[in-house]
1. Only one of these conditions is not met by Arg336: (1) on the phi < 0 side of the Ramachandran plot; (2) at pLDDT 95 or above. Which number is it?
2. Suppose we filter Ala136, Ala165 for residues that are open to solvent by 50 Å² or more (accessible area, probe 1.4 Å), among the aliphatic types (A, V, I, L, M) and either out of contact with any Lys or Arg (no Cβ under 6 Å at 6 or more places or on another chain) or part of a loop (DSSP other than H, G, I, E, B) (or both); which single one remains?
3. Within segment 584-599, which residues are in contact (Cβ under 8 Å) with a residue 40 or more places away in the chain and either in contact with a strand residue (DSSP E or B) (Cβ under 8 Å, 6 or more places away or on another chain) or open to solvent by 10 Å² or more (accessible area, probe 1.4 Å) (or both)?
4. Select from segment 120-133 the residues that are without any contact (Cβ under 8 Å) to a residue 60 or more places away in the chain and farther than 18 Å from Glu157 by Cα and list them in ascending order.
5. Give the residue that is nearest to Ala550 (Cα to Cα), with candidates limited to residues of segment 605-614 that are open to solvent by 60 Å² or more (accessible area, probe 1.4 Å) and in a helix (DSSP H, G or I).
6. Filter segment 261-276 down to the residues that are over 16 Å from Ala207 (Cα atoms) and among the aliphatic types (A, V, I, L, M) and list them by number.
7. Considering only segment 717-727, I want to know if a residue exists there that is at positive phi and open to solvent by 30 Å² or more (accessible area, probe 1.4 Å).
8. Val170 versus (1) open to solvent by 20 Å² or more (accessible area, probe 1.4 Å); (2) closer than 19 Å to Ala145 by Cα: which is the lone unmet condition?
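The values are calculated or read from the model by the stated rules, or taken from the named source; none is laboratory data. Predicted model, so just to flag it, every value in this text is computed and none were measured. Every residue, glycine as well, gets a Cβ built from its backbone with ideal geometry; the counts of neighbours run over all protein chains shown. Remember, those area values only see protein heavy atoms, side chains included, never the ligands or the DNA or RNA. Shrake-Rupley method; radii C 1.70, N 1.55, O 1.52, S 1.80 Å.
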Amino acid sequence: MTTFESGRKIGRIALIGNFLPRKCGLATYTTDTYQALRARFPDMAVDVYAMDDHPGRYDYPPAVVSAIPQQERAAYIAAARQIEASGAEAIWLQHEYGIFGGSAGEHILALLDRTSLPLIVTLHTILEKPSAEERAVMEGLLRRAARVVVMAERGREILQRVYGANAKSVVMIPHGVPDRELADPDTLKPRFGWSGRKVILTFGLLAPGKGIETLIDAMPAVVEQNPDAMYVVLGATHPNLVAHEGEKYRNGLKAQAAALGVADNVSFIDAFVDYEDLLDYLQAADIYATPYLNPAQITSGTLSYAVGVGKPVISTPYVHATEILADGHGVLVDFRDSAAFAREINTLLGNARNRQRLSERAYARGRTMIWPKLVETAMTEIEQIVAARPQRLAKPAKPSTLAPDLSAVVRMSDSTGMFQHAIFSIPDRRHGYCIDDNARALMLMTAMPDLDDETRDRWTTTYASFVQYAWNPDKRRFRNFMNFDRTWCEDEGSEDSNGRTLWSLGVTARDAQARKHRDWATAMFDTTASIAFDIQSPRAQAFAMLGAAAMLEASPGHQLAKSILERFPDQHLALLDEARRPEWQWFEIVLAYDNARLPEAMLRAGTALGRADLVACGLKTLDWIIGKQTSPDGRFRAIGSESFGRAYAEPLPFDQQPLEAQASIDACRAAFDATGDRRWFDEAERAYHWFLGVNDLDLPLATAQDGGCFDGLMPHGLNRNQGAESIIALQLASCGISALSKQVESMAGPARVVA
């Protein structure tokens, strides 16, 4: 049962974006946001994750808990782990194209997909005509975000019209501005040597597209009426521009002013000024000008700041300017219209009273945009999305075991075999087939109860035929991957795929209902199983051991199967001795996929060979891996795929895959067979209930109506594709837990426990 909390206060958030001392507008914005949050909500921790275009260059302040190298995808995933472990309750992302790595910045989606926290994203650019890659990233953000912040109403309209955004998730919050008293420019001009001058100011990183040329072209006409006028261009050249061409662009602008005879009336201040100095510069100016050339520009921080301190503004009519300066709060002129700029500048410079009135109107609008108001509004949204997360109140009722259902397996199969992957529930023919899934499907056909003879015969034959055709006698290996046109992608498959295929042959030889299928599997095992002696991978060896143990049950005294079982267990004992530490009782120094198959193989080998040491090893290592697969509240938690390959590291919770739950059920069944201890049934049942929603996210992976299973449990929800591996894992798990339940019910007397 779940409920919702409301009105709760947030203790910690993660803030992602550029951050000072990186020199760009987004770094300034994120830093201002951080400082406003800390000032307004001093009891809330704000962890900054700074995007880093030059790792090692910036001396970040303590607020930055992690710098994420822009082009290193692994760093995004590591940051996701850090955020998950930090105790943060929400993520606030500042999104701008060009600051994230991958195609159109897709690496940020890798981070977001690996966190379960609610997301609010502020969009600093909204493209009306995106490329395919840009659209994919924006749509990914819109799917993931619980709230999307735009800084202009036009942004909301574009999101709905171009991207189909949900209007309820979009909120308009203006760009934040400083909280300063309205000041007389003449009181600040002496600081900058501007006494006696009428100052027109443009601020920002210098780069083409800002329209500076337009204002310089206007200056001769301005100077003609106002000889004391000075146009100040404040800001360093954009770092990317400097890297490519040095100061060529700035020098060109200076040459333009000189050629027009206004060099003494145009001043360039080449500096990236700090926050307080910037505000002083703005307040010392008489007029602020933004002659930008891009009509679609949604956001201008410099324009917002100018309005915030009460500057009369003359601007071209790009999107943000038309909204913020509407209703007489500023003056708009056409793009590249130098004459219009000159006319409006002269008008304002020539009438101090009108200039003061416009200043007061701008300042009044700016008071609605000060940083405290911005973060208050944003935190209200964050509190709402955090409160909307379901909170567990009580342990759920025990779910019912699903009856095995072949429907989804048949949906994913054709006359060749079983397809690997699906898009949602539809088979994806682009990826063809693989022997791994067909070997699993073959085992399922031996385990599936209550199938009519015709159906069982048809599909057992289909999957067996795939396995048979995969055998490459020249290489003495099974192939793995097959294209949709039945051409092979390789001459030999991986060790794991070969080991798993031997496993399926042993199980079919033992469990197939039709004699013809048992005979075929036995003959195929006899022909191919000697390849096991060349296998080096411990997991593939475990698969081969499981197949050999099954073959020994089918044919007691089978020498090849016995030789396989005798070959590998001692090697695994040696691996365990080498890798083990007091806190690490495992065969390898890392965790990987299908982990429980290793103790299962030791249990089956020990039972078949009568070796108590192998059974004891299997029980001990199974107990250890079960402990690693248990969440703090006692639920089954599959070893997340993000955990794989991390030496002696505690497992990470995501992405959780069905294969792990099914392997755990089979291993617990082997432990029950060896001991009769009901504890192993309880553990198997706990793993099975993971499929039914008793998991970290309270979301069922099984689709009970058609026998399907989703591909995984992600931090933010389900991977809703239904591939062959996941579907078969569910069906084999249902068969396994049902059979184990019958075993338990048939037992009489106290549970047996093997020491």
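1. (1)
2. Ala136
3. Glu588, Ile589, Val590, Ala592, Tyr593
4. Passing the criteria: Ser131, Ala132, Glu133.
5. Out of the qualifying residues, it is Thr607.
6. Val262, Ala263, Val266, Val273
7. No, every residue in segment 717-727 fails to be at positive phi and open to solvent by 30 Å² or more (accessible area, probe 1.4 Å).
8. Among (1) open to solvent by 20 Å² or more (accessible area, probe 1.4 Å); (2) closer than 19 Å to Ala145 by Cα, Val170 violates only (1).
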